[in-house]
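Worksheet: the structure to be examined is printed underneath.
The values are calculated or read from the model by the stated rules, or taken from the named source; none is laboratory data. Small disclaimer: the values here were computed from a predicted structure and weren't measured. Neighbour counts run over all protein chains shown; Cβ positions are idealised from the backbone, glycine included.
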Amino acid sequence: MFFHWLEKNPFFFAAGISIVISFAGLLEIVPNFAEAARPLVDLKPRTVLQLAGKNVYKKDNCISCHSQMIRPFKSETDRYGAYSLSGEYVYDRPFLWGSKRTGPDLHRVGNYRTTDWHENHMWDPPAIVPGSIMPAYKHQFTNLADIETAYAEAVTVKNAFNTPYGPEFKGTRAAWEAHKPKVLEEAKRIADDMKNKDIKEAVARGEVPEVVALIAYLNSLK
Amino acid sequence: MNALTIKALAFAAILIIATIAVVTSLDIDIMGDFVYAVTMGGAIAIAVITAFVTTKYINQMKTDTPSGDLADENWDGIGEYENELPSGWAYAFLATFLWSMWYGFLGYPTNAYSQIGEYNEEVLAYNEKFESLHKNADAATLLEMGESIYLVQCAPCHGNTGDGLSGKAQDFTGRMTKEQVLYVINNGSNQLGYPMGMMPPGMAAGKDAEDIATYVAGGMQGEKPASFAACASCHGEDGKGMNGMAPNLAQYDDTLMTLVLEKGKKGVIGTMPSFKDRLTPVQQKAMTVYIQSLSN
Amino acid sequence: MQANAALEYDYSLAKKFTFLTILFGFLGMLVGTIIAAQMAFPELNYLLGEYGTFSRLRPIHTNTVVFGFTVSAIFATWFYVGQRVLKVSMAESRFLMVIGNIQFWLYFIGALLATISLLFGISSSKEYAQYEWPFDIVVVIVWVLWGFNIMGLIGIRREKALYISVWYYLACFLGISMLYLFNNMAIPTYFATEGLGNIFHSVSMYSGTNDALVQWWYGHNAVAFGFTVPIVAMIYYFLPKESGQAIYSYKLSLLSFWGLMFVYLWAGSHHLLWSTVPDWMQTMGSAFSIVLILPSWGSAINMLLTMKGEWNQVTENPLIKFMVLASTFYMLSTIEGPIQAIKSVNAIAHFTDWIPGHVHDGVLGWVVFMVMASIFHMAPRMFKREIYSRKLMEVQFWLQTTAVVLYFTSMWIAGITQGMMWRAVDEYGNLMYSFIDTVTVLHPYYTIRALSGVMYLTGFLMFAYNIYKTMTAGRELSEEPQFRTPMA
Ligand code: HEM
Ligand code: HEM
Ligand SMILES: [Ca+2]
Ligand SMILES: [Ca+2]
Ligand SMILES: [Cu+2]
């Protein structure tokens, strides 16, 4: 019998397993690559500050409680806004849809929460939403965001995947130094809407606290 | 059925009953929605099938005896019978496989079914059910409706009672604070799109401004300072905005609510986001009624 | 050496990996209990400053139990079972021993560093693939070394035909290799620029919906090839070996194995139902999940039927009890998962606590129970001593069984409740509950779950203690027991 033979020939046995487990992946995943890589018409990649904020989101692993995927149900579009579209995520590496909603979805939180609200909320969630079980992220008000890494990320995705960042995005230190003022300018616009004096001073000094970058990112979720 | 099976089914029943009791206590009508009903059916299926099938096999440990032809091989003392497949298992495997073919090609054909289509139908059905029902809702209905929308959409900023969470957002128990009025006098304002257009900064200064602000923040009761004349040309003698030409400084009137919800507003406290396209006209009306009720 | 003289097996690697299994099991479940408590009592987030928040700790829990505990257990049992069913001792090949030891140390140090990296927030934030690229490389090397060992041992085997457990270990090795490599493809940004920024940082090779597809093709099948396939390998060896019964049916083994291999891979998109993944893929994922009940149940039924007529063993031998209960929890989670994969059910279940509920009746009831049973069986043979206390085993069994039941029932109710509340509308058609209402209502269930964590962890400590005492104080055995494990 074929299977008895197979069980005595480990090489063919292993080959058999490999074939059986490979083709589902090939059939299901590969055809989607062309289609799902198309961005929405006016989709822009995130700015360096927003990318730095996304990396704060990854570092503090907000994905463990928050999704970014609004499903096409009336109850979700009423709560969070329009259902999510594939073309909106094209520049997201990695995707951050999440798999657990201990807290609400955040895919369009930029539409209905604002800088000052986030400032208060990240400092002490239960003070804003009584009963909240979200931890306070006070350390984000003192830790500095890594904007240089965010810039390196922008350059990398531009070169490797043609993500449309401008011609000034180059992988050299000089190009980064030239771009940095733009990031600080954007950070200042966020800090202007905040109340915390230390944050304002830090930004004026040319530093970017994590919370400033994070809020830039959250505001960009629309 | 023997004792073990009955115990397992009883456990399944307790779990299901507890689930239904909790959900029902939250005013959720399980049979009123297809998705609820399928979910509850699925939960029951998990509990009952698992209880039944596992105890069926465990019971065989008590009642049956091992039998069959042993295979020639033997691994570290482990033998293997050449028994046939359990027929229930084999037929169920075949049946689910055939069902999956039906599901993929006929039930929800892979080339024709669309979840967005389903969403559009859901919204249509919803609109038919609710929109006509509440087109001409009376004030009491609007008030209740407003409260429920408020708790979901606005309470995270303005607080459950509308007190603005000690100065973190607009406090609806009054109209404006002195600080807010002063800020507008000093900085002007141009974001809501009233027919009067913008309000220029510096319409008053120094003690005049202080007096005006105290007066407006006090709900425009008491003595009106003479300097309020500077404001009356736009906001009216009574501060009520001259029928929507400029904001009503005394009440949250319809015009103000409509414009704030549409455009959002940035002020000394912070920024209020726009709710454009997030509320239907009826819901907006309900919001106005409810917010007005908070300041009275 | 003569072919049928008793072989002297070399258990040194099995022992080493057993210690790691216990160490990582304890750490992982300790953190699990902490994060469970944090969801009930959020003040507990501030015990360790920035490093103690729920969100930093959660991936430490998942990665430690998956890549620490479960993978150690896979290695430990392989280095025990592999030799025995292939009838060849590790000691017969210096090469394999050296490779095995390198594998051990690289793995141990790699796993510790990787865990620390997560504590510092060095994370790519893809679930179960959070490790950044340098750690991914270590994982791949460890895995390849293990592959050498499997192939090497098979190469010098005396037993011509591969036993069922070996099929499953092989599948585990091949499956994880393929999945891990593809999903973790990333470009380090430091090397793609003039050395700008953080050296650990990388960007995924895939984006958006594509990334989601690759991730859940990986995530789902990591469950298949990490929490299912190697655990089935364990039960196919340890249950018949401990009970002395022959496997019920070769045909059932065969069909379940190839059925599982074929069907599992199609089902990954059930993690992406109602998302922006194309409808046809969702339909396939949903339908194949239902089919998947049968090949999964096939192995469990085969095991239960192997114990046909052996009720006295079930009542007398706590080790058998662990394995019979593991099979039933396996059946529970492999019908619960498929039902949660029905699109309408998933509309409620997805994103809620019902999913962690499903996860833990699988991992606590099936994976950990099977691993502990395997170690209980191996210990007297590896240390040549009797199990220290049978009584402790009994108490542990009931304590942990109660804990699993509390865990999955509380999360079942919590999840269904929350999913339905998110969807509920009032008589005006407006959302009935604000988000925070749907959080505060869960407090009692989170408290029960935290309690169940404490109970389960206590049981695990009893297990660790029992093994420790077995090693150091168990009655010495003069010869290796053939079937039933001796215990005091
Ligand atoms: C027939 C077999 C199974 C099927 C069809 C299945 C199906 C599912 C489904 C539908 C989900 C939820 C996806 C979502 O909505 O987020 C899920 C999640 C999960 N299942 Fe299973 N399941 C099966 C068996 C198992 C077993 C035996 C285990 C572990 C021992 C397991 C571990 C998990 C884990 C860890 C997750 C969570 C994934 C995440 O992080 O979101 N599953 N499974
Ligand atoms: C003392 C025992 C344990 C407790 C109290 C516990 C607790 C928890 C908690 C609280 C979560 C987070 C759930 C959420 O975010 O809502 C979680 C997630 C998880 N745990 Fe455990 N855990 C335990 C043991 C284990 C073990 C032994 C394993 C695996 C072998 C495991 C695998 C997982 C996985 C895969 C997840 C992620 C589930 C998902 O994302 O859906 N846990 N656990
Ligand atoms: Ca998850
Ligand atoms: Ca990785
Ligand atoms: Cu899955």
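When the test is whether a residue is among the aliphatic types (A, V, I, L, M) and farther than 30 Å from B:Ile149 by Cβ, C:Val425 does not pass it. Of all the numbered requirements in (1) out of contact with any Cys (no Cβ under 9 Å at 6 or more places or on another chain); (2) surrounded by 20 or more Cβ atoms within 10 Å (Cβ to Cβ); (3) under 20 Å from B:Gly188 (Cβ atoms), B:Lys285 misses one, and that requirement is (3). Filtering the range C:355-402 to residues that are within 16 Å of ligand 5 (Cβ to nearest atom), within 14 Å of another protein chain (Cβ to nearest Cβ) and hydrophobic (A, V, I, L, M, F, W, C) leaves C:Ile355, C:Val359, C:Trp366. The conditions of being away from chain A (no Cβ under 14 Å), more than 16 Å from ligand 4 (Cβ to nearest atom), under 26 Å from C:Ala186 (Cβ atoms) and within 22 Å of the chain's Cα centre (by Cα) are not met by C:Phe104.
To keep it simple, each residue is scored yes or no on (1) surrounded by 18 or more Cβ atoms within 10 Å (Cβ to Cβ); (2) under 30 Å from A:Ala154 (Cα atoms); (3) at the interface with chain C (Cβ under 7 Å from one of its Cβ atoms).
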{"site": "A:Phe12", "(1), (2), (3)": "no, no, no"}
{"site": "A:Ala15", "(1), (2), (3)": "no, no, no"}
{"site": "A:Ile21", "(1), (2), (3)": "yes, no, yes"}
{"site": "A:Pro39", "(1), (2), (3)": "yes, yes, no"}
{"site": "A:Leu43", "(1), (2), (3)": "no, yes, no"}
{"site": "A:Leu51", "(1), (2), (3)": "yes, yes, no"}
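Where helices (runs of 4 or more DSSP H) fall entirely within the range A:37-139, those with at least 3 residues that are touching an Asp or Glu at 6+ places or on another chain (Cβ under 7 Å) are at A:48-59. So, B:Tyr81, is that one touching a Ser or Thr at 6+ places or on another chain (Cβ under 9 Å) and not assigned by TED's automatic domain parsing to the domain that holds B:Lys285 or not? Yes. Among the residues that make up the range A:186-206, is at least one of them assigned to a helix (DSSP H, G or I), in contact with a helix residue (DSSP H, G or I) (Cβ under 7 Å, 6 or more places away or on another chain), surrounded by fewer than 22 Cβ atoms within 10 Å (Cβ to Cβ) and within 11 Å of another protein chain (Cβ to nearest Cβ)? No, the range A:186-206 has no match at all. Just to check your reading of the model, which residue among A:Thr163, A:Thr156 is assigned by TED's automatic domain parsing to the domain that holds A:Ala82, more than 23 Å from A:Asp60 (Cβ to Cβ) and among the hydroxyl-bearing types (Ser, Thr, Tyr)? Step by step, each of A:Thr163, A:Thr156 is checked, and only A:Thr163 is assigned by TED's automatic domain parsing to the domain that holds A:Ala82, more than 23 Å from A:Asp60 (Cβ to Cβ) and among the hydroxyl-bearing types (Ser, Thr, Tyr). Looking for something near ligand 1 (Cβ under 8 Å from one of its atoms), assigned to a helix (DSSP H, G or I) and either more than 22 Å from the chain's Cα centre (by Cα) or not assigned by TED's automatic domain parsing to the domain that holds C:Ser165 (or both) - is there at least one such residue anywhere in the range C:298-318? No: zero hits. Restricting attention to the range A:31-77, the residues being closer than 22 Å to C:Lys343 by Cα and at pLDDT below 95 number 2. The set of residues in the range C:311-351 that are β-branched (Val, Ile, Thr), more than 7 Å from every other protein chain (Cβ to nearest Cβ) and within 16 Å of ligand 5 (Cβ to nearest atom) contains only C:Thr334.
List pairs: first residue in the range A:1-13 and assigned to a helix (DSSP H, G or I), second residue at pLDDT 90 or above and among the aliphatic types (A, V, I, L, M) anywhere in the structure, Cβ distance under 6 angstrom, at least six positions apart or on different chains. Taking only residues 6 or more apart or on different chains, the pairs are A:Phe3/C:Leu254; A:Glu7/C:Ala161; A:Glu7/C:Leu162; A:Pro10/C:Ile154; A:Phe12/A:Leu6; A:Phe13/A:Leu6. Look through C:Glu159, C:Glu194, C:Glu127 and report the one residue that is touching a residue at least 24 places away in the same chain (Cβ under 8 Å) and at the interface with chain A (Cβ under 9 Å from one of its Cβ atoms). Going through C:Glu159, C:Glu194, C:Glu127 in turn, just one is touching a residue at least 24 places away in the same chain (Cβ under 8 Å) and at the interface with chain A (Cβ under 9 Å from one of its Cβ atoms): C:Glu127.
Of the residues that make up the range B:115-125, is at least one more than 15 Å from C:Glu427 (Cβ to Cβ), within 7 Å of chain C (Cβ to nearest Cβ) and surrounded by 13 or more Cβ atoms within 10 Å (Cβ to Cβ)? Within the range B:115-125 (the criterion being more than 15 Å from C:Glu427 (Cβ to Cβ), within 7 Å of chain C (Cβ to nearest Cβ) and surrounded by 13 or more Cβ atoms within 10 Å (Cβ to Cβ)), the answer is yes, since at least one residue qualifies. Return the residues of the range C:430-454 that are facing another protein chain (nearest Cβ under 8 Å), polar (S, T, N, Q) and in contact with a helix residue (DSSP H, G or I) (Cβ under 8 Å, 6 or more places away or on another chain); say none if nothing qualifies. Correct list: C:Asn430, C:Ser434. Among the residues examined, C:Trp412 does not qualify as over 30 Å from A:Tyr83 (Cβ atoms), at pLDDT 95 or above and either more than 16 Å from ligand 3 (Cβ to nearest atom) or surrounded by fewer than 24 Cβ atoms within 10 Å (Cβ to Cβ) (or both). Hey, could you check the range A:64-83 for residues that are facing chain C (nearest Cβ under 7 Å) and closer than 14 Å to A:Tyr137 by Cβ and say which is surrounded by the most Cβ atoms within 10 Å (Cβ to Cβ)? So the residue we want is A:Ser64. Set side by side, the residues C:Ile199, C:Ile187, C:Ile247 differ, and just one is under 30 Å from C:Asn302 (Cα atoms) and either hydrophobic (A, V, I, L, M, F, W, C) or touching a residue at least 60 places away in the same chain (Cβ under 8 Å) (or both), which is C:Ile247. Hey, can you tell me all the residues within the range A:131-183 that are closer than 26 Å to A:Gly103 by Cβ, small (Gly, Ala, Ser), within 10 Å of chain C (Cβ to nearest Cβ) and within 19 Å of the chain's Cα centre (by Cα)? Hit for the range A:131-183 is A:Ala150, nothing else.
Picking from A:Val203, A:Val211, A:Val155, which residue would you name as being at pLDDT 95 or above, farther than 30 Å from A:Tyr83 by Cα and either small (Gly, Ala, Ser) or in contact with a Phe, Trp or Tyr (Cβ under 9 Å, 6 or more places away or on another chain) (or both)? Of the residues listed, the single one that is at pLDDT 95 or above, farther than 30 Å from A:Tyr83 by Cα and either small (Gly, Ala, Ser) or in contact with a Phe, Trp or Tyr (Cβ under 9 Å, 6 or more places away or on another chain) (or both) is A:Val155. The residue of the range B:198-221 that is farthest from B:Gly174 (Cα to Cα), among those that are under 42 Å from the mean Cα position of the chain (by Cα) and without any contact (Cβ under 8 Å) to a residue 12 or more places away in the chain, is B:Met198. Residue count for the range C:204-219, restricted to those that are more than 13 Å from ligand 5 (Cβ to nearest atom) and either outside any helix (DSSP H, G or I) or more than 7 Å from chain A (Cβ to nearest Cβ) (or both): 4.
When the test is whether a residue is facing another protein chain (nearest Cβ under 8 Å) and farther than 15 Å from C:Ser275 by Cα, A:Arg93 passes it. Applying the criterion of being part of a helix (DSSP H, G or I) and either touching a Gly at 6+ places or on another chain (Cβ under 6 Å) or closer than 23 Å to A:Phe23 by Cβ (or both) to the residues of the range C:228-251, the residue that is nearest to ligand 3 (Cβ to nearest atom) is C:Thr228.
Of everything listed in (1) assigned to a loop (DSSP other than H, G, I, E, B); (2) of a type in the set (A, V, I, L, M, F, W, C); (3) touching a helix residue (DSSP H, G or I) at 6+ places or on another chain (Cβ under 8 Å), the single unmet condition for B:Val181 is (1). Scanning the range C:421-429 for residues that are more than 14 Å from chain B (Cβ to nearest Cβ) and buried (at least 23 other Cβ atoms within 10 Å of the Cβ) turns up nothing.
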